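The values are calculated or read from the model by the stated rules, or taken from the named source; none is laboratory data. Here the structure is a predicted model, which means the values were calculated and not measured. Using ideal geometry, Cβ is built from the backbone for each residue, glycine included, and neighbour counts are taken over all protein chains shown. Surface accessibility is based on the protein's heavy atoms, side chains included, excluding ligands, DNA and RNA. Shrake-Rupley method; radii C 1.70, N 1.55, O 1.52, S 1.80 Å.
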Amino acid sequence: MHAEIHGHGTPVLFLHGAGVAGWIWRDAAARVRAAHDAVQTIAVDLPGFGRSAQARYPGADTTVAELSELIRERGPAVVVGFSLGSQLALRLASLAPDLVRGLVWISGETRPTPFPWATGVGAGAAAALGRVPALASRQAAQAGIPEPLRPEYLSDLRTMRVDSIRRSVDENQRFRAPVTVDRFRGPAVALAGSLERRIVRESADRLPELIPGARVEVVAGARHHIPYRFPERVATSALRVLEAAR
């Protein structure tokens with residue numbers, strides 16, 4: 001699993017969603033390092049995506065096991081996850097709470113989406129069509145990818161494994177919050193955009209039921225693009241969790 005690592009100190013692990021890669025965190029991670037001189041930011045490309053595209057996405061269990069080893073080498077981390085990444089983060093915190101200092105949970109879901117199989121099939125088809133340049137550019141615009149990041153997004157679309165996007169999205173849509181998540185006792189913040197789907201906003205509101213003391217913040221005007229359209233909100237939340245976890 002490829003990881004872009006910068007700095008020295010308390011690790012802050014960034015987990016992207018399906019269809020993108022670690023580059024979505026570049027601005028947010030830089031803001032965290034600029035504000036805190038004793039952190040190490042780690043932005044991974046999950047298997048099947050970005051610079052890990054040669055590998056097939058193996059499923060959450062295997063992925064979380066790999067992430068656990070990555071953190072174990074460096075000490076407990078603040079974990080920042082978006083969409084699929086937020087659900088991997090929640091699973092990691094429930095299975096290995098000793099490895100997770102705190103959570104920033106962005107645009108995730110805590111219960112299955114109706115008809116998840118249809119979403120997975122649709123995502124696979126969109127990934128395949130994304131290899132057509134004109135359609136890829138349209139997808140980038142619809143996803144709200146900023147212009148400076150579009151070359152990486154378009155490059156990833158050309159190399160992304162369709163089976164990986166289909167499996168990761170299907171798994172994402174079928175996700176249920178782990179019953180053992182109450183093992184995690186660290187600080188947590190949930191972010192959701194005011195214009196996101198209802199299930200995402202309701203899932204954010206539910207996080208304090210799963211993790212007592214978790215804060216919920218609504219990002220006004222945001223859709224499913226908080227990491228790269230509102231990096232300052234991500235960085236602020238990560239720094240607050242870092243401070244609370246001391």
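A probe of 1.4 angstrom, applied to the heavy atoms of all protein chains, finds Glu109 with accessible area near 10 square angstrom.
Ranked by the mean number of other Cβ atoms within 10 Å of their residues, highest first, the peptides 167-180, 70-83, 15-28 come out as 15-28, 70-83, 167-180.
The tail of the calculated P(r) for region 153-246, taken as Cα-Cα distances beyond 18 Å, holds 59 percent of the pairs.
The antiparallel fraction among DSSP beta bridges confined to the chain stands at about 20%. Seen from Gly144, the other residues with C-beta closer than 10 Å to its C-beta sum to a net charge of +2, counting Lys and Arg as +1 and Asp and Glu as -1.
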